[in-house]
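Trainee: Encoded as structure tokens, here's the structure I'll be asking about.
The values are calculated or read from the model by the stated rules, or taken from the named source; none is laboratory data. Here the structure is a predicted model, which is why all the values come from computation and not from measurement. Every residue, glycine among them, receives a Cβ derived from its backbone with ideal geometry; neighbour counts consider all protein chains shown. Quick note on the areas: whole protein, heavy atoms, side chains included, nothing else; ligands and nucleic acids left out. Shrake-Rupley method; radii C 1.70, N 1.55, O 1.52, S 1.80 Å.
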Amino acid sequence: MPVSECETSYPLALIELILRLKGVSALCDELEREEQPGYLQHVLWWTIRAHVDVEEVGNGRVLDFGCGSGGSTMILSRMFPGAEIVGVDMDAEALEIAEARRRHYRVEQISFKLSPRPTELPPDLGEFDFIVFSAVLEHLLPEERGVVIPLVWDRLREGGLVFVGETPHRFTPVEVHTTGGLPLVNYLPAPLALRAARRLSKQVDPEVDWPDLLRMGMRGGTERQFLRILHEAGHTDAVIRRPTKQGLRDEFDLWYRISSAYELPGFKARLQSVFRALHRLTSISFTPYLAFAVEKRSGAARPAQRNRMIPGR
């Protein structure tokens, strides 16, 4: 239970719905994720506003891909009150909570759609100016990423941006997200990583299998992996846009702003210097959690249309 006590403005019926569908261990975390300004709102604000201004979003369309129970969708609607926000997820129960949240706040600019499966999008989704992957990339299996990322990219208009945040880096030395802090497990081959997680992590069920551990977010992701998937699908129009707004210089400043707000600012400042020095020496951009934007470059050649094979789960 990550959070065992909380205060909320939610009505009792909505609290009971979250309790019934999410369980007691997730209740307070689910409430605080949306209501506390220092939680998800802080991460989304910096991840997005480091790359665009409110005026650039305007009355555009924003896709909250993998919106879950709608906490991120509600926050996006407050950040960009003139935009149309569409939340998409494959979990019908999570979307039931998301819709109840929307009704609670009486937000008309939001709608939710159910994905048929992890490698398909809802029909009649339309195009978007901005797309948000908030704490979702790590939960897609490798074969799913290779299909769904290009599918979502096809829904992005030229000049638009995809924002990726709250995803652990694939090669972070201490794996916190899924195992609770096992060192070096991300460098082990799958059989050894599974064995270590089963035996040494208090957060992992001893009977869990490797696909389930991946679904929990074990391996994270990288900027290069995201770009490689798009380039291999023929999307040469995908380029990283570096964070230069809100007084930031680079991705290391962005990571520091997100991660140091309430936790170890002095230690995080030293880590920031280490990450920047590593980048100068190796050209590798490393931060423990990802926060980056990918732009669909205008005028680039588009890949030829072709049928995509959708692998089974």
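Trainee: Rounded to the nearest whole Å², what accessible area per residue is found for the chain with the 1.4 Å probe?
Mentor: Result: 49 Å² per residue.
Trainee: Sorting check: for 210-218, 252-260, 17-25, which peptide has the highest mean count of neighbouring beta carbons within 10 Å, and how do the rest follow?
Mentor: Highest-to-lowest ranking by the protection proxy: 252-260, 210-218, 17-25.
Trainee: At a 1.4 Å probe radius, carbon and sulfur cover how many percent of the accessible area of the chain?
Mentor: 53
Trainee: Hey, another quick one. Rg(Cα) of the chain divided by 2.2 N^0.38 Å?
Mentor: Rounded to two decimals, the normalised Rg is 0.98.
Trainee: Also, I was wondering about something else. When DSSP assigns beta bridges and you keep just the ones with both residues in the chain, what percent turn out antiparallel, to the nearest 5?
Mentor: Of the beta bridges lying entirely in the chain, close to 40 percent run antiparallel.
Trainee: Please list, by residue number, every one of the trypsin sites (Lys or Arg not before Pro) in the range 77-130 that is coil in DSSP and has at most 13 other beta-carbon atoms within 10 Å.
Mentor: Listed in order of number, the matching sites are Arg106.
Trainee: Ok, one more. Given a 10 angstrom Cα cut-off, can you work out which residue in Gly58, Gly220, Gly70 is the most mobile in a GNM of the chain?
Mentor: Gly58
Trainee: Rule-of-thumb check for the range 161-274: C-alpha Rg over 2.2 N^0.38 Å?
Mentor: 1.25
Trainee: Please list Ser283, Ser134 from largest to smallest accessible area, probe radius 1.4 Å, with all protein chains kept in place.
Mentor: Correct descending sequence by accessible area is Ser283, Ser134.
Trainee: Separate question: Quick one: what are the phi-derived ³J(HN,Hα) couplings along the range 200-209, Karplus 6.51/-1.76/1.60 with θ = phi - 60°, whole Hz, x for glycine and proline?
Mentor: For the range 200-209, the Karplus curve yields 10, 9, 6, 8, 10, 5, x, 9, 5, 9 Hz.
Trainee: Also, I was wondering about something else. What number, rounded to the nearest 500 deg cm²/dmol, is the helix-based mean residue ellipticity at 222 nm of the chain, given -39500 (n - 2.57) per DSSP H run of at least four residues and division by all its residues?
Mentor: One gets -11500 deg cm²/dmol as the mean residue ellipticity at 222 nm.
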